[in-house]
1. How charged is the neighbourhood of Val152? Take every other residue with its Cβ under 13 Å from the Cβ of Val152, and add Lys/Arg as +1 and Asp/Glu as -1.
2. Using a basic spin-label model with each label point 7 Å from the Cα along Cα→Cβ, how many nm lie between Asn119 and Ala215?
3. Near the amide H of Arg88, under 5 Å away, which other amide H atoms are found, from residues 5 or more places off or on another chain, if H is placed in the peptide plane?
4. Looking at the chain, how many pairs of lysines come closer than 24 Å at the Cα, when each pair is eight or more places apart or spans two chains?
5. To the nearest 20 Debye, how big is the dipole of the stretch 106-236 about its Cα centre, given +1 on the beta carbon of each Lys and Arg and -1 on that of each Asp and Glu?
6. GNM, the chain, Cα, under 10 Å: largest mean-square fluctuation among Asn45, Asn223, Asn132?
7. Got the relative contact order for the chain handy, in percent, Cα pairs under 8 Å and 6 or more residues apart?
8. What's the extension gain from Met1 to Asp167 if we count 0.36 nm per residue and subtract their Cα-Cα distance?
Amino acid sequence: MSSPHNAAEIGDIAETILLPGDPLRAKHIAENFLTDAVQYTSIRNNFGFTGKYKGNPISVQSTGMGIPSMCIYAHELIETYGVRKLFRVGTCGAMHADVKVRDVLLAQGATTDSSIIRNIFGASINFAPLANFDLLSSAVKNAARLNIPAKVGNIVTVDRFYDEEIDQAKLVKYGVLAVEMETAGLYTTAAEFGAKALSVLTVSDSFVTHEVLSAEEREKNFNDMIELALETAIES
Ligand code: HPA
């Protein structure tokens, strides 16, 4: 048996998974960080692999961009394949002046303009999508041990990359650090099923300085983020 968007058989996917948006990043992680990696899906060119990191079974699955795509993959991974720990590994844009390109961010919470919260809870509840505390506290300790400077806080998950209406000043005033497009969907889906989730992000561009990381720098920072996610994945 497989699921509508995944060709894996039950048992092909590990309980712990890394979720990049980009299929080529999934391939990069499988080839450079995992041993004995086997590809289990390429439906829609979203690639999934299972291998080992330091002897522990780990999968990596690309999810595409945006909340709807993330929610499809997270839902099926948890419900059909029994995945219990999910780490988004991706990029975000800095909004707050304290956040610089190259920083690693651990998303404690994900504010969102998406209708998913309203669709699930109705108008009277503004559900707060949160990181799992065990994964978050373990990632904070691992970042210190690995000498990877990591900031922890609220981010905003937006539905539009090209969003002229976004009120950056207000979000920053309320402590929101950065913007991306998937974490609120991941945290809300994990909450629905009682699974654990954490977004580990690197800052690829800045709304404050208008800097954008080059492809080489992005790769170096990407590798730090993957190491942090994997070290956290095998211990928590
Ligand atoms: N906006 C939305 N999502 C993003 C950005 C951004 O600037 N950078 C990386 N993901």
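What follows draws every value from the coordinates through simple rules; no lab data is involved. Since we're looking at a predicted model, the values are computed, not measured. All Cβ positions, even for glycine, are placed from backbone atoms using ideal geometry, and neighbour counts span all protein chains on display.
1. 0
2. 3.5
3. Hits under the 5 Å cutoff: Leu19, Leu198, Ser199, Val200.
4. Number of lysine pairs found: 28.
5. Magnitude of the dipole: close to 500 debye.
6. Maximum among the listed residues: Asn45.
7. Normalised by residue count, the contact order of the chain is 26 percent.
8. Answer, rounded to one decimal: 55.2 nm.
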